[in-house]
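Laboratory data are not the source of any read-out in this text; all were calculated from the coordinates shown. These numbers come from a predicted model, not from an experiment. Neighbour counts are summed over all protein chains in view; Cβ atoms, including those assigned to glycine, are modelled from backbone coordinates with ideal geometry.
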Amino acid sequence: QALPLAAPPPTPPIRTSPPLRAADGGVVEMSSDEKVAEFISFTGGGPDEAKQYLEMAGGSLEQAVSLFMEMGGGGGAGGGGGAAAPAAGMADEDEVRAPIAAFEDQIINTEADQGRMTAAIQADAAAMQRRMSFDRAEDAVAGDWNCSKCKNKNFARRNNCFSCSTAKGAVAAERGSTAINELFKPPSYNEATPFFQTMEKAKGEGKWLLVNIQQADEFASHALNRDVWGDETVHDLVSENFVFWQRDNLSTEGAQFCKTYKCEEDLPHICMIDPRTGRAVKAWKGEKWAKTHQATDYIFEFMDAFPAPNGNAAVPNPAAAAPSASAASALSAPAVTVPTQAAATWAEALRGDTASEALGPGQTLGSAAPSAAAAAATAAGAGGAAAEEENVGEVAAMPEEPGADVEHVKVSLRLPSGQRIMRRFRPVDTLEVVFAVASALTSCPPDSIDVSTQMPKKSLRDVDGGLATTTKDAKIGGNMLVVETGKRRKTD
């Protein structure tokens, strides 16, 4: 049962001077001056304050004193102290405290955090290296492990063999697996920095980011390292035109990449990342890159479709990045090499249609047939061209190619037939040597062909210095050069 609340103590009555009485016993009213004097004597306030309170109380001295008490005044001699309180408070506000002394403190130890992060990255890389070793040690296997020394089976949580106390993975080097692991090792141009730092590097260099996510249990992942990434041609192409980043799906960043780009089911996975936006522009299953010629075809096709992501290049939109059905059919048969034409032309060529053989340089499949006037003009042009070919010249002899063990500049030549040929040149060789090689490969005189870079499109004849420029100064190393016939230039 709730107890009743105690009533507040009653306010003590205000004792004022006894009222004056007349001879007949009636009360004599006090004048205003008398009330002011009485108020001052009781509260200690001033005359103005007394008049103010008396006015508020309607001339009642008792109510005026009560108002004074309720509104901050003090009783008796204490009233003077209450009136002086605001002045004292104002004096305290005028006093400004001394400023707090400046000091330095460190909430987060950035050096320690950076050290822990670096150690974690190194440990993750070491674990990935053990997992991706073709003949991997037992400590790279998740679960129970067999001791390499005594072959005893141990629980996964043990770091030492229960039988012989050998440390987990201590004798892995004695297994004679160094040679085979060297054969399947990751490429030397693989970036060791984290993903976002690698993206910044690719963005600064104006290159695409080529990503490969591996899976240790899939032999296709190891075959990529041995047959594709370890190939000299692919090595030069990737090193010159891309920034390469390879991780496995169990590494910290590899797992995050698979989750972000949704490629857990397509391992090994290969894709091109735009370093400006972080978007995957093109992706492939790793099994499609099983052979070197397939990989180089995919690389060149990507370079044909997408310019380097430098500051001047436009960011490709998702619609343009998605291949059409005809282009996809062309990519599904990487062993076939066809000239760079429209996607429909690729599809027809892959199906073996002979209609594409009749296409002119300005036509595509489905275009209208040339008119009679156009045919006549073509015939007249052919006659003129035949007359000019008499003075073109002879096919150049094939120059000697330098060995792979000497300093050289390697380029890829794409012939009119669609065939791509890798060729080494000496740094001191002039561009005339390049034209001589193109002449020998196409069986056309040097004056009737043109060799140009692909990105940007520029003829080597227009390079500063002309054909006397060396291959090193022309900076054609690692690029693909397009060889075109029937491009004779008249000179004055």
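Below 17 Å, Cα to Cα, which lysines can K201 reach? Residues fewer than 8 away in the same chain don't count.
The reachable lysines, counting only those whose Cα sits under 17 Å from K201, number zero.
Under 5 Å between amide H atoms, partner at least 5 residues away or on a different chain: which partners does I449 have, H built in plane at 1.01 Å?
K487
Take the cross-link list K259/K288; K262/K457; K291/K410 and give me the ones stretching past 29 Å between alpha-carbons.
Beyond 29 Å: K262/K457.
With the crude spin-label approximation of a point 7 Å out along Cα→Cβ, what separation in nm comes out for A255 versus I40?
Computed distance between label sites A255 and I40 equals 8.9 nm.
Calculated FRET efficiency, E401 and S188, Cβ-Cβ r, R0 35 Å, to nearest 0.05?
0.90
With r as the distance between the Cβ atoms of F196 and R97 and R0 = 45 Å, compute the FRET efficiency 1/(1 + (r/R0)^6) and round to 0.05.
Once the sixth-power term is evaluated, E becomes 0.40.
So how do 472-481, 395-404 stack up, highest first, on mean other-Cβ count within 10 Å?
Per-residue Cβ counts within 10 Å, averaged per peptide and sorted highest first, yield 472-481, 395-404.
Obtain the nm distance between the two label points defined at N146 and E287 by a simple spin-label model: each point lies 7 Å from its Cα along the Cα-to-C-beta direction.
That separation, rounded to one decimal, is 2.9 nm.
Mind checking which lysines have their Cα closer than 18 Å to the Cα of K153? Skip sequence neighbours fewer than 8 apart in that chain.
Result set, ordered by chain and number: K168.
Mind checking the dipole of the stretch 177-311: about its Cα centre, +1 per Lys or Arg Cβ, -1 per Asp or Glu Cβ, Debye to the nearest 20?
The dipole of the stretch 177-311 has a size of about 400 debye.
What FRET efficiency would be calculated for the residue pair K472, S165, taking the C-beta separation as r and a Förster radius of 56 Å, to the nearest 0.05?
For K472 and S165, the calculated efficiency is 0.40.
Once you have the Cα-Cα distance between M117 and S459, take 0.36 nm times their residue separation minus that, and quote the gain in nm to one decimal.
Net length gain for the segment: 118.2 nm.
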